[in-house]
Amino acid sequence: MEIRVIVPCFNEEDIFESTCSELTKILDKDSIIKKYTYDILFIDDGSSDKTLDIIMAKTKFNKRIKYISFSKNFGKEAAMYAGLTHSKDKDAVIIIDADLQHPPELIPIMIEKFIRGTDQVIAKRDRKNENFLRKITTKTYYKLINKFVDVPITDGIGDFRLLSQRVVHAIVSMTESQRFSKGIFSWVGFKQEIIEYENKTRVAGQSKWSFKKLIDYGVDGVISFNNKPLRLLLYIGLLVCFFSIIYILITFINIMLYGINLPGYFTIIFAILFLGGIQLISISIIGEYVGRIYYEVKARPHYLIKKCNVDNE
Ligand code: UDP
Ligand code: MG
């Protein structure tokens, strides 16, 4: 049995050493017990610090360390996709963050469950050590997104998970360029199991998520998975039309009965602003979809590799 751990790294020089030694320590021990071979594939996502140098130095002493280095920063989604694309021959793949926020101690448990026949072993964290604002935003986000998206998306579930070979093949076959992994993982299905762990704050380095990025990610989640926002626009449009017709009828009957009544400043302003607002929102939602079509049609590669020591794409 061959198992691969994929670690996306973007400017992780401060913590790389400890992550690498943690992982090898746990995997060395577990691979002997469960009789599998393993390697660790680090994806350097165009880091501007010494991350790549440190990884390359490691490969000299440890044959189990593999790496792919991107020509620039393509984002974590691209890094995971690259990792999976190059790991189609492995029996199972584990995706884990480089910052030790995902406890590597869970890996042996994941592999145990995989051996028993689970295709996706998903790690779920609680939200203990997070600040209030983030707790609130994520909570509302998940409530909202589950109303819009057809695939169920659970709070606390991230990219830390084990995927069996057939799940990897399924995910790699989804070549969309606007990738929303939370949805993609959920969409492929197969036998899933969840294990819980306690949330930890980052030990070193900085989170690459700003508040704006989180909001953008949320919008991506809604828009990249279905066309419900377009459907919503249709309903809003119908509703507005319905009330407009009633209002027009009332006004018309009024005119017929009592003659033209000029004052109407409020109604005109209301109609202009309200309808204008709805139209702007509608156009921008349609624009979001058109923009996505634009990117899909261009079909650019998800990432460009500068250097690597793995083959088999
Ligand atoms: N990461 C990446 N490319 C990016 C941003 C992040 O490969 O453009 C990696 C990062 O090195 C880490 C993981 O993705 O291993 C999660 O990033 P981060 O810790 O910043 O996110 P958070 O844990 O705050 O969600
Ligand atoms: Mg993190």
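The values are calculated or read from the model by the stated rules, or taken from the named source; none is laboratory data. Computed from a prediction, not measured in an experiment: that's the story for all the values here. Virtual Cβ from ideal backbone geometry, glycine too; neighbours counted across all protein chains shown. Heavy atoms of the whole protein, side chains included, go into the accessibility calculation; ligands, DNA and RNA do not. Shrake-Rupley method; radii C 1.70, N 1.55, O 1.52, S 1.80 Å.
Remarks
- Region 271-286 residues that are exposed (fewer than 12 other Cβ atoms within 10 Å of the Cβ), paired with ones that are assigned to a helix (DSSP H, G or I) and among the aliphatic types (A, V, I, L, M) (beta carbon under 9 Å, 6 or more apart): Phe274/Val240
- Any hit, region 58-68, residues being over 24 Å from Ile109 (Cβ atoms), open to solvent by less than 60 Å² (accessible area, probe 1.4 Å), more than 16 Å from ligand 2 (Cβ to nearest atom) and modelled with pLDDT of 90 or more: yes
- Look at region 117-140: where a residue is closer than 20 Å to Ile171 by Cα and at pLDDT 80 or above and a partner is assigned to a helix (DSSP H, G or I) and among the basic types (Lys, Arg), sitting 6+ places away or on another chain with Cβ atoms under 7 Å, you get Asp119/Arg166; Val121/Lys113.
- Contacts under 6 angstrom Cβ, first residue in region 36-47 being more than 11 Å from Ile94 (Cβ to Cβ), partner away from ligand 2 (no atom under 16 Å from the Cβ) and of a type in the set (Asp, Glu), 6 or more apart: Thr37/Glu2
- Every pair of residues 6+ apart whose Cβ atoms lie under 8 Å, when the first sits in region 50-77 and is acidic (Asp, Glu) while the second is open to solvent by less than 40 Å² (accessible area, probe 1.4 Å) and assigned to a helix (DSSP H, G or I): Glu77/Ser181
- Filter result for Arg161 (touching a Gly at 6+ places or on another chain (Cβ under 8 Å), farther than 30 Å from Ile285 by Cβ and crowded, with 16+ Cβ neighbours inside 10 Å): no
- For Tyr36, the requirement of being in contact with a Cys (Cβ under 8 Å, 6 or more places away or on another chain) and open to solvent by 10 Å² or more (accessible area, probe 1.4 Å) is not met.
- Scanning region 32-50 for residues that are of a type in the set (Ser, Thr, Tyr) and closer than 20 Å to Leu304 by Cα turns up at least one hit.
- Filter pass, Lys213 being of a type outside the set (Asp, Glu), within 24 Å of the chain's Cα centre (by Cα) and surrounded by 14 or more Cβ atoms within 10 Å (Cβ to Cβ): no
- Of residues in region 164-176 being in contact (Cβ under 8 Å) with a residue 12 or more places away in the chain and part of a helix (DSSP H, G or I), the one most open to solvent (accessible area, probe 1.4 Å): Arg166
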